[in-house]
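Peer 1: Structure below; questions to follow.
The values are calculated or read from the model by the stated rules, or taken from the named source; none is laboratory data. Small disclaimer: the values here were computed from a predicted structure and weren't measured. We place every Cβ from the backbone using ideal geometry, glycine too, and count neighbours over all the protein chains shown. Heavy atoms of the whole protein, side chains included, go into the accessibility calculation; ligands, DNA and RNA do not. Shrake-Rupley method; radii C 1.70, N 1.55, O 1.52, S 1.80 Å.
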Amino acid sequence: MLLPFFSIYPKLINLSLKTSLLKWRPDYDSAADEYNRAATCFRNARSFQQCKDCLFKAADCYKQNRSFFHAAKCLEQAILMSRDLGNLLEVASIAERACALYQQHGSAESGAFALDKAAKIIEEQHPAEALKLYQHAADVAMTENNVRQSAEFVNKVSRILVKLKMYDQATDALRREMGLHEQSEHLPAIGRLAVALVLVQLARGDYVAAEKAFKEWGNCCEAPEVQTLEMLLQGFDEEDSDMVKRALNSPFIKHMDIEYARLARELPLPQPTTVAPKASVRENAAPSYVSPNASTQSATAHIENEDRGSSLGDFASGAGAPPAGAMTPGSEDEFEGGLC
């Protein structure tokens, strides 16, 4: 019953886009409005594919008329249609196009929110694509010097990285977020992130980096956070798994964001180092192998050592020195005539 009604819009659109002798330029504004009305009718009829096609055409008409803001609005509605159709991977590309149009119009903040909205739609099933959208949204917010909004987007980036077990990138994202909060002088947020950074460093297996992070940012933590981190690091230092369990079961850590609370539950506990046991001697074991040439070589070496020792002893006792009364020939003739 709606098909005759829908057939009106193509005629109106063609009439708006048609040129003539007195009409040299198509009326893109009127055509975009007609496409928007058709999209609304298709949405009410739950024909989401036709609705999305009409929204794309309306966005193109607005772009031709350099109405970038309205074109971006049409693409935002197309994001919802793609969600209803189940094309979640298409959501990211449409959001990127909408953000670019918002930036051309000078509304970068609206573009960041469009990326945020699209990322929330696909985060559950495609976290890697949502990660890219949040990173782009943080960069767009920083172009407007909106530090607090950028910090919110970076927080979502770090949580997704922890969820994906990409701990190296998560540490960089956490440090970036802490730097943004430091610019806005939001110290309580820095203290909570310091705990998250220590947990991520311990998940990486780098106890030294975790202790360094605590020394660097511990002055921003509150008293319960400091006590928890000191107990946690002391437990890892002393390899005391019970102390680590008590620190990880603290109410503060349990009430953190779900990604960090789950990370604390999955954190590997320290295992005490065990000394290797001494080698045991087997009973009735065969004797060690001895070479038959070893006895001959040792006897020869012993005889040589004895000969060398005896010759040295004779020389020391004076056997090789000349007698005391003996004189060399010619010694008496030299002194026979006296000194003259």
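Peer 1: Give the residue list of trypsin sites (Lys or Arg not before Pro) in segment 153-229 that are DSSP loop and have at most 15 other beta-carbon atoms within 10 angstrom.
Peer 2: For trypsin sites (Lys or Arg not before Pro) across segment 153-229 that sit outside H, G, I, E and B with at most 15 neighbouring Cβ atoms in 10 Å, the list reads 165, 204.
Peer 1: How high is the relative contact order of segment 72-228, given as a whole-number percent (alpha carbon pairs under 8 Å, six or more residues apart)?
Peer 2: 13 percent
Peer 1: What does the accessible area of residue 61 come to, in Å² to the nearest 10, when a probe of 1.4 Å is used?
Peer 2: Here the accessible area works out near 10 Å².
Peer 1: With an 8 Å Cα cut-off and a minimum separation of 6 or more residues, compute the relative contact order for segment 43-149 in percent.
Peer 2: 20 percent
Peer 1: Additional query: Which value, in debye to the nearest 20, describes the size of the charge dipole of segment 143-224 about its Cα centre when Lys and Arg Cβ atoms bear +1, Asp and Glu Cβ atoms bear -1, and nothing else is charged?
Peer 2: Once rounded to the nearest 20, the dipole reads 300 debye.
Peer 1: Lys and Arg at +1, Asp and Glu at -1: add these up for the other residues within a Cβ distance under 12 Å of residue 130 and post the number.
Peer 2: Computed value for this residue: +2.
Peer 1: Of the listed pairs 156/215; 73/165; 165/212; 117/215; 117/163; 117/245, which have alpha-carbon separations greater than 29 Å here?
Peer 2: Checking Cα-Cα distances, 73/165; 117/215; 117/245 exceed 29 Å.
Peer 1: In sequence order, what are the phi-derived ³J(HN,Hα) couplings for segment 234-240 according to the Karplus relation 6.51 cos²θ - 1.76 cosθ + 1.60 with θ = phi - 60°, rounded to whole Hz, with x for glycine and proline?
Peer 2: Those phi angles translate into 5, x, 5, 5, 8, 6, 9 Hz.
Peer 1: How big is segment 63-170 on each of its three principal axes, counting only the C-alpha atoms and giving the largest first in Å?
Peer 2: 47, 36, 15
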